[in-house]
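Remarks on the structure that follows.
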Amino acid sequence: MNLNKMIELDEKYYMNTFGARTPVCFEKGEGMYLYDTNGKRYSDFFGGIAVNALGYAHKGLTEALKSQLDKGIIHTSSLYYIASQAKLAEKIVEKSCCDRVFFGNSGAEANEAAIKLAKIYFYKQGIDKNEIITIKNSFHGRTLATLAATGQKKYQMPYQPNIPGFTHVDINDIEALKAAVTDKTAAIIIEPIQGESGVFCANTKYIKEVRKICDEKGIILIFDEVQTGIGRTGKLFAYEHLGVTPDIFTLAKALGGGIPIGAMCAKEFVAKGFEPGDHGSTFGGNPFACTAALAVLEAIEKEGLLENAAEIGEYFALKLVSTGNSKIKEVRGKGLMIGVALSVDAKDVKNALFERGFLTGAVGAHTLRILPPLIVGKKDVDEFIKALQEVLA
Ligand SMILES: *Cc1c(COP(=O)(O)O)cnc(C)c1O
């Protein structure tokens with residue numbers, strides 16, 4: 001099918017939630033590269049929105065999935081035991097501050113599960129705490145509860161009334177947070193680095209104070225690591241940079257290397273809130289998805305991708321800053337989660353980079369978002385910087 005036909009079918013039959021997409025369809029992938037229907041090559045600096053941690057056609061991931069398919073089993077349901085699900089749960093617990101995990105299929109679902117767990121934890125003890133504080137300009141997903149958590153009016157307005165009990169405070173403003181806490185506050189949800197709103201980091205001092213408030217008041221601290229998790233920032237989880245641990249954290253995007261899977265991970269004391277029948281998922285943690293996630297974690301370990309993300313991330317940020325280009329106002333983020341504040345329209349820059357064969361994202365009027373696969377190398381970065389310099393010239 002040619003591209004014009006796809007566009008025609010999409011316009012006629014697909015719900016118009018994405019509007020006009022970038023007019024391209026990718027047919028083949030290899031490492032950092034995607035190839036479109038005309039055979040044109042693109043260097044992917046957006047990774048399918050921080051999903052494709054291992055790039056394309058990764059040998060370990062591909063072989064693991066093929067071998068699972070060869071067994072003839074994609075799905076069995078969690079009515080039965082699943083080896084890869086058990087192993088993946090063990091692996092995440094071993095590598096993190098959590099004691100137990102629950103698998104769903106997306107970031108929103110993982111956050112939905114976190115909200116439910118925080119609430120049921122107090123409910124089971126007969127404690128009347130059910131309010132949740134989140135951060136302005138956060139993004140937590142598109143379900144009704146995660147929309148209420150998302151501190152952006154534009155997403156919430158059409159779906160009134162919102163799920164009650166959510167309040168939003170400015171990032172890195174500890175006084176605002178203190179003022180928002182009540183006797184009914186059950187949980188605080190924070191993205192260690194806000195992704196969708198343009199790469200804004202919560203600072204370490206703030207997070208440490210948030211942790212302290214949670215400890216003092218018996219509030220559950222939830223980190224939404226759907227985007228920051230699984231190596232994006234140069235550590236497996238972004239909280240490792242911050243010197244605190246959350247009580248619950250959520251994962252999704254990169255976890256399955258492209259196969260949909262989300263995880264809600266909790267310390268034992270709060271995980272106990274879920275008992276048989278309290279939560280569930282038909283697809284969540286199925287053999288295929290868990291096989292993918294195990295292969296992703298194995299590749300990250302074997303190929304030193306955390307170290308690579310940290311090193312190349314630093315190199316990238318330095319290169320961006322040292323271009324000396326006056327149109328680059330600020331470089332934000334950590335590791336391979338990069339936001340470049342521009343003085344010019346970010347969509348124009350994104351489109352011009354696309355023409356030159358580089359995929360990026362744009363958010364708001366002025367922020368270019370860069371989220372390459374964790375396998376990205378210095379040579380890729382050099383090529384990108386050269387293209388960006390041309391575009392900004
Ligand atoms: C993408 C994202 C989500 C939503 O994930 P979906 O898989 O689209 O439901 C939630 N939180 C954060 C921080 C995200 O980046």
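Would you mind putting 256-266, 41-51 in packing order, based on average other-beta-carbon counts within 10 Å, highest first?
So the peptides 256-266, 41-51, ranked by packing, come out 256-266, 41-51.
Computed from the alpha carbon atoms alone, the convex hull of segment 143-230 holds 106 Å³ per residue. For helix 287-302, what angle does its Cα long axis make with the longest principal axis of the chain, in degrees from 0 to 90 and rounded to 10? On a 0 to 90 degree scale, this one is about 70. Taking a ≥ b ≥ c as the square roots of the eigenvalues of the Cα gyration tensor, segment 1-156 is oblate, since a/c reaches 1.5 or more and a/b is not larger than b/c. By the beta carbon rule, with partners counted only under 4.7 Å, the chain holds these lone Cys residues: CYS25, CYS97, CYS201, CYS214, CYS290. Give me log10 I(q)/I(0) at q = 0.10 Å⁻¹ for the chain, Debye formula, one equal scatterer per alpha-carbon, no solvent. Treating every Cα as an identical point scatterer, log10 I(q)/I(0) equals -0.67.
Is the C-alpha gyration tensor of segment 76-233 telling us rounded, prolate or oblate? Criteria: a/c under 1.5 is rounded; beyond that, a/b larger than b/c is prolate, otherwise oblate. It is rounded, given that a/c, with a ≥ b ≥ c, falls under 1.5. For segment 91-157, taking the reciprocal of the average inverse distance between every pair of different Cα atoms yields a Kirkwood hydrodynamic radius of 13.4 Å. In this calculation the C-beta distance from LYS212 to LYS184 is compared with R0 = 22 Å, giving a FRET efficiency of 0.65.
In this simple spin-label approximation, LYS5 and GLU301 carry label points 7 Å from Cα along the Cα→Cβ vector, and these lie 4.6 nm apart. For segment 6-31, backbone nitrogen atoms closer than 18 Å to the point 7 Å from LYS40 Cα along Cα-to-C-beta are found at 6-8, 20-30. Rg/Rh for segment 293-393 stands at 1.00; both radii use Cα atoms, and Rh follows the Kirkwood definition.
To the nearest 500 deg cm²/dmol, what mean residue ellipticity at 222 nm is calculated for the chain from DSSP H runs of n ≥ 4 alone, each contributing -39,500 (n - 2.57), summed and divided by the residues? Computed mean residue ellipticity for the chain: -11500 deg cm²/dmol. Quick check: at a probe of 1.4 Å, how many percent of the accessible area of segment 91-174 sits on carbon and sulfur atoms? For segment 91-174, the apolar C and S fraction of the accessible surface comes to 53 percent. Extending 7 Å from Cα along the Cβ direction at LEU79 and again at GLU94 yields two label points whose distance is 3.2 nm. Rounded, prolate or oblate, given the Cα gyration tensor of segment 176-308, with a/c below 1.5 counting as rounded? Verdict is oblate for segment 176-308. Here the accessible area of segment 293-369 is 50 percent carbon and sulfur, with a 1.4 angstrom probe and all protein chains present. Spacing of the modelled spin labels on GLU63 and TYR14, each 7 Å from Cα toward Cβ, amounts to 3.4 nm.
Consider all pairwise Cα distances in segment 302-349 and report the whole-number % of them above 12 Å.
Result for the distance tail: 63 percent.
The values are calculated or read from the model by the stated rules, or taken from the named source; none is laboratory data. Worth saying up front: this structure is predicted, and the values here are computed from it rather than measured. Glycine also receives a Cβ, built like all others from the backbone with ideal geometry; neighbour counts cover every protein chain displayed. SASA here: full protein model, heavy atoms, side chains in, ligands and nucleic acids out. Shrake-Rupley method; radii C 1.70, N 1.55, O 1.52, S 1.80 Å.
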